[in-house]
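The values are calculated or read from the model by the stated rules, or taken from the named source; none is laboratory data. On a predicted model such as this, the values are computed, not experimentally measured, just so you know. Quick reminder, even Gly has a Cβ in these numbers, built from the backbone with ideal geometry, and neighbours come from all protein chains shown. The protein model used for the area step is the full one, side chains on, heavy atoms only, and it has no ligands, DNA or RNA in it. Shrake-Rupley method; radii C 1.70, N 1.55, O 1.52, S 1.80 Å.
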Amino acid sequence: MAPDPTLDPAVDPTTVTAAEHEERAVVTARRATPDIDESAMRVGLNLVRASNSLITEAESEMARTVGLSWPSFRVLFITWMYGAVEARSIARIAGVTRQTVSSVLSTVERRGYVQRQKTDESDRRLVTVRLTPLGRDVVQRAFALHNRVESRHLEALSTDERAQLAALLAKVVRHDGNPAAEPAESGGTRAAG
């Protein structure tokens, strides 16, 4: 497919602004797929961009300060929230595979941040994970760094706007692309992602 002649060919991808990128993406997608849901695409583009930016900055600060990767932080954070938690529950809550969690757990266990204990002797896949005192200290320090990054990324929003954004994103997460999902207003619970 030839480039869209309505798009400025002189736009340099290394210096394009977020707004220019968004517009170019929508125009290009609309040309290829005329019936796109443009508003969903714009929300998706901005949501992914914001999320990636926050995660990249948080991981960089955590790696530099406490030596944690983003996957290690997620696993330690979930374990911190629940105390003793099965590895398969960590995977479900984090939205990753059990194999991914197993690999991350090997790393954080080697560093002395967690202890694993077999939950069921007949099924070696069932493992309960607990933070060690060192792991608790590391995840608390990492969370403080992460929260400072969140604050910086959201400083342009008022307290009310933050609450509104959080509510809207929670509604999207609860729906999870499933039209049969329970409505957000029902107060029901679903797995956090």
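Counted by Cβ distance under 15 Å from ASP137, the other residues give a net charge of +4, where Lys and Arg count +1 and Asp and Glu count -1. Note on SER60 and ALA25: their simple-model spin labels are 2.0 nm apart, each label 7 Å out from Cα toward Cβ. Taking only the C-alpha atoms of the stretch 41-148, the Rg (one decimal) and the largest Cα-Cα distance, Dmax (whole number), read 14.8, 50 Å. Full extension of the segment from SER158 to ALA18, taken as 0.36 nm per residue of separation minus the current Cα-Cα distance, would add 48.2 nm.
Distance between the pseudo-spin-label points of ALA170 and GLU38 (7 Å out from Cα toward the beta carbon): 3.2 nm.
Roll a 1.4 Å probe over the protein chains and send me the accessible area per residue for the stretch 120-178 in Å².
With the other protein chains kept in place, the stretch 120-178 gives 70 Å² per residue.
Considering only protein heavy atoms and a probe of 1.4 Å, how much of the accessible area of the stretch 21-142 is carbon and sulfur, as a whole percent? Answer for the stretch 21-142: carbon and sulfur cover 51 percent of the accessible area.
Measuring r between the beta carbons of LEU45 and THR100 and using R0 = 30 Å, the FRET efficiency lands at 0.70. Computed over neighbours whose Cβ is under 12 Å from that of ARG49, the net charge equals 0, Lys and Arg +1, Asp and Glu -1.
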